[in-house]
Structures are given as structure tokens and as C-alpha cells.
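What follows draws every value from the coordinates through simple rules; no lab data is involved. Because the structure is predicted, anything quoted here is derived from the model rather than measured. Every residue, glycine among them, receives a Cβ derived from its backbone with ideal geometry; neighbour counts consider all protein chains shown.
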Amino acid sequence: MLNTLLTELERKGEQNDRQQSSKEQRYLNITRDTGEFLRVLVKATGARRVLEVGTSNGYSALWLASSLPPGGQLTTIELLPAKAEEAQRHFERAGLAGCITLLQGEAGALLAALPAGFDLIFLDADRARYVAMLDELLRLLRPGGLLVCDNAVSHRQELEAFVAALNARDGLSLSLVPVGKGELLVHKGE
């Protein structure tokens, strides 16, 4: 059931993104191999509390939520109401709505209201806002936790300031993994 839905969303996303010129109308989903990589990361780290910034139609959230252990919880943030509504329908269809909290609104404001202690944070949103969100993201990430940033190869120039800000911080270890569009892994020291 889940794999059928994921395949359907892949096809729909590719078709939609070819037809839409507006970035807001595009889904800009992660690649399947990135989804598989996220699944391995969630399982390997034993993540129980996961945060996603940038839900879109829920494709990546389905990979994350389906990888959680029993009792695990995914919190995901989406700016656009129409995309949030569509994602919620996909969560319900997949039978995963019970372990996903979908917050609709501007990420900066929503992040400030969340309690700290996330094991893994997946960042796939407006890259121009990443530097402004960095303090909150690091506050939310528990010591020993992992921040994963999508598009680290495909949009390297857009992420230069963010990577520089990360490199300027003590206690962070960074690694670029060439999966999908490139995943930047940031480990927060204990």
C-alpha cells in the first residue's frame, strides 16, 4: 500500500513539475534514492522524534514516518495551505496520520514554538531562509542528533552561506553525501 502510494506520488510529482512554471505550484519532491537513504538514516540512528521543514505534498514525510519505530513521531512544516491539505490526505491514505503532526505556516515562527529534542531534522524548504533558521534548528536538534539538508549538490551555490555558517560553529561535523540531489549531513556533538 505505501509503496503504491509512493510510486503514484513520484509519477504525479514529475508530471506536475514538468507542467508548472511557478515554484509554489511545483512539488519538488526528493528522489526515491533519497527517500531510501532517509529511511536508513532514521532506522540507523534510532530516531524517535523527527522534524521536517518543507512538507510539499508529503512524499518525503511518508518515507520518514514509515521508518519510525513504534511510538515515533514526525512533525512536518508546510507554508502553503493547499500543499498542507494535500499532504494530510496522503498521510491518512497511507495510514500514517497518527504519527505525523502537520503544522501549516511560516517555518521560522513555528520552529520557535517547538520544544527541543529532535533526533533528526530534514531540511528541504526555502534555501534562502536556512541561515536565518540556523539557531532555531540547532536549538531543536538534540546533542548527538543529525540535521540532513537536501539539494546540497544540485543547489550548492544557494547553500554556500548556510554551509559557511555551519562550518563557523563549534561541535558540528559535516559530510556531503552524493545521493539524489545531494544530502548534507550535519552531526551535532554531544
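How much net charge surrounds I100 when only other residues with a Cβ under 11 Å from its Cβ are counted (Lys, Arg +1; Asp, Glu -1)?
Local charge sum for I100: -2.
Explain nothing, just the number: relative contact order of the stretch 29-188, from Cα pairs under 8 Å at least 6 residues apart, as a whole percent.
22 percent
To the nearest Å, what is the center-to-center distance of the stretch 42-121 and the stretch 136-190, using C-alpha atoms only?
19 Å
Report, by chain and number, residues whose modeled amide H sits under 5 Å from the one on G145, excluding near sequence neighbours (fewer than 5 apart, same chain).
K188
Compute the distance in nm between two label points, each set 7 Å from the Cα along the Cα-to-Cβ direction, one at L80 and one at E160.
Spacing of the two 7 Å Cα→Cβ label points: 2.8 nm.
Let a ≥ b ≥ c be the square roots of the eigenvalues of the Cα gyration tensor of the stretch 29-188; is it rounded (a/c under 1.5), or, if not, prolate (a/b larger than b/c) or oblate?
rounded
Quote to one decimal, in nm, the extra length available between E190 and K23 on full extension: 0.36 nm per residue of separation minus the C-alpha distance between them.
Separation in residues times 0.36 nm, less the Cα-Cα distance, equals 56.3 nm.
What full-extension length gain, to one decimal in nm, is calculated for E36 and D170 as 0.36 nm per residue of separation minus the Cα-Cα distance?
45.2 nm
So what is the diffusion coefficient of the stretch 93-190 in µm² per second by Stokes-Einstein at 10 °C and 1.306 mPa s, using a Kirkwood Rh over Cα pairs?
It comes out at roughly 111 µm²/s.
With +1 assigned to the C-beta of every Lys and Arg and -1 to the C-beta of every Asp and Glu, and no other charges, what is the dipole magnitude of the chain about the Cα centre in debye, to the nearest 20?
That gives a dipole near 240 debye.
Please report the antiparallel percentage of the DSSP beta bridges confined to the stretch 29-188, to the nearest 5.
Of the beta bridges lying entirely in the stretch 29-188, close to 35 percent run antiparallel.
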